[in-house]
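Read-outs: derived from the displayed coordinates by stated rules, not from any lab. These numbers come from a predicted model, not from an experiment. A quick note on method: Cβ atoms are made from the backbone with ideal geometry, for glycine too, and the neighbour counts reach across all protein chains shown.
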Amino acid sequence: MVATQVAEENWLSVDEVAERLGKHIRTIQRWCDRGDIFEGTRKSGPFNNSQWRIPETAVIEFEQKYGVN
């Protein structure tokens with residue numbers, strides 16, 4: 001049997017992404033609601049008021065695509 005190492009994804013909150021990108025928290029929430037900006041974004045729970053969790057890899061891709069430092 002061959003063991004496969006899977007990298008664990010680092011998840012960021014809306015607040016963390018907003019600060020990192022210099023955007024308002026509500027802007028990031030709207031982008032998450034739309035579902036077409038950060039691939040792999042998901043809610044932290046089953047309820048409508050659950051917090052969004054955004055994969056750091058998706059944020060890095062966004063930064064590279066739009067030249068955000």
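If you take the beta carbon distance between Phe47 and Glu8 as r and set R0 to 30 Å, what does 1/(1 + (r/R0)^6) give as a FRET efficiency, to the nearest 0.05?
Calculated transfer efficiency: 0.75.
Angle, helix 25-34 long axis vs. longest principal axis of the chain, Cα atoms, 0 to 90°, nearest 10?
For helix 25-34, the angle is close to 60 degrees.
Per residue of the chain, what 222 nm ellipticity follows from adding -39500 (n - 2.57) for every DSSP H run with n ≥ 4, rounded to the nearest 500?
-12000 deg cm²/dmol
Give me the one-decimal nm value for the distance between modelled label points at Tyr66 and Glu16, 7 Å along each residue's Cα-to-Cβ direction.
1.9 nm
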